[in-house]
Amino acid sequence: MNGQERQRLRDKRRIVIKIGSSSLTHQETGDLNLFKMEQLVRIICDLKGAGREVVLVSSGAIAAGRQALNCKKKPGELAQKQAFAAVGQARLMMVYQKLFAEYNQVAAQVLLTKDTMVHEGSRFNARNTFEELLALKTVPIVNENDTVSTSEIPLVDNFGDNDRLSAVVAALIGADLLILLSDIDGLYTDDPRKNRDAKFISLVPEITGELLEMGKAEAGSDVGTGGMAAKLAAARIATDGGADMVIADAKQVEVLHRIMDGEEAGTLFLAHRNVDFDLMHYLNNEY
């Protein structure tokens, strides 16, 4: 069954790809990893060349701000995080726009907050904006607007992390597939960094309560915020909304080609569209 389901990924046409801060930066310094960013951009452009629509949800604004301001220490105060994000988001988009331009593609910035999404009118406008950007053949690059909302504290306009944000975007635009590029190669029965007996789970036909209990809300790096619990919450949003989801290792971004070629890479969560699916239910953290 797994092989058949993997082969179906070859037919996906509207794809959301999420990549986290820890996957975009050098572990030693926290600076942007330009080589990896260039690889990611090149693969996205190749996917577009094959006729697919791609939306990129990219973390990294605060990390880019740290680099621009030559601050090696992770910010602690809320105001400092927001200031770093303000500087870093501009720097991050500048890098993306230059890289995409090298392949004759146009990147577009979309900054969202939960407050934007919970209001019907603004949610409708956001959906229309995405549709128009995709019709114009651009690559929308999405991030949470960290200058007015932050993932580290429970604000009303906060998604919590970009894993969940990417799932919300996938549901909003009717994506076929969500790919979470992470610092782990998929779902395990336990944290493999702590338990050598943890077993890899290649296919998840349905997200059960037992599976959700396995998730552990632990940040795996100095610059990231999303643990496995966040990824499972994202999987529930995406699959209930009608999109398959894959968690894969971001160490080698070429894994995107393997996924789209139907090879067994990462953990595949199968879509099972919920007839009672209501995005507002998830936006209110009722998962």
Query raised in the report: Using a basic spin-label model with each label point 7 Å from the Cα along Cα→Cβ, how many nm lie between Asn274 and Glu131?
Result: 2.4
Report summary line: Given unit charges at Cβ for Lys, Arg (+) and Asp, Glu (-), the dipole magnitude of region 1-92 about its Cα centre in debye, nearest 20, is 220
Report summary line: Taking placed amide H atoms and a strict 5 Å upper bound, the residues 5 or more places from Val57 or on another chain that come that close are Ile17, Lys18, Ile19, Val142
Query raised in the report: How high is the relative contact order of the chain, in percent, counting Cα pairs under 8 Å that sit 6 or more residues apart?
Result: 23
Query - Length gained when the stretch Cys71-Ile201 is fully extended (0.36 nm per residue, less Cα-Cα span) - result: 42.9 nm
Query raised in the report: Of (1) 20.4, 71; (2) 17.6, 50; (3) 18.7, 61, which is the value of Rg and Dmax of the Cα atoms in Å derived from the coordinates here?
Result: (2)
Requested in this report: May I ask you to evaluate 6.51 cos²θ - 1.76 cosθ + 1.60, the Karplus curve with θ = phi - 60°, for each residue of region 93-100 and list the ³J(HN,Hα) values in order in whole Hz, giving x for glycine and proline?
Outcome: 5, 4, 5, 4, 4, 5, 5, 5
Query raised in the report: How much of the accessible area of the chain, in percent, comes from carbon and sulfur atoms when a 1.4 Å probe is used?
Result: 48
**Report entry** Surface accessible to a 1.4 Å probe, per residue, for the residues of the chain, Å²
**Finding:** 45
**Report entry** Ranked by how many other beta carbons lie within 10 Å on average, peptides 102-110, 263-271, 170-178 from highest
**Finding:** 170-178, 263-271, 102-110
Query raised in the report: Sequence-distant or interchain residues sharing an amide H contact under 5 Å with Ala107, placed H: which?
Result: Val139
Report summary line: Here region 45-61 yields Karplus 3J(HN,Hα) values (6.51, -1.76, 1.60; θ = phi - 60°; whole Hz; Gly and Pro given as x) of 5, 5, 4, 5, x, 8, x, 9, 9, 10, 10, 10, 9, 10, 7, x, 5
Report task. Calculate how many DSSP beta bridges within the chain are antiparallel, expressed in % of all such bridges and rounded to the nearest 5. Result -> 20
Query - Dipole in debye (nearest 20) - the chain, about Cα centre, beta carbon charges: Lys, Arg +1; Asp, Glu -1 - result: 700
Report task. Calculate, in whole percent, how much of the Cα-Cα pair population of region 1-84 lies beyond 21 Å. Result -> 46
Query raised in the report: To the nearest 0.05, how large is the calculated FRET efficiency for Glu213 and His26 if R₀ is 51 Å and r is the Cβ-Cβ distance?
Result: 0.90
Report summary line: Taking 0.36 nm per residue of separation between Arg8 and Arg258 and subtracting their Cα-Cα distance, the length gained on full extension comes to 88.7 nm
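The values are calculated or read from the model by the stated rules, or taken from the named source; none is laboratory data. What you are looking at is a predicted structure, and each value in this text was computed from that prediction instead of being measured. For neighbour counting, all protein chains shown are included, and Cβ atoms are generated from backbone atoms with ideal geometry for every residue, glycine included. Surface areas here come from the heavy atoms of the whole protein model, side chains and all, with no ligands, DNA or RNA. Shrake-Rupley method; radii C 1.70, N 1.55, O 1.52, S 1.80 Å.
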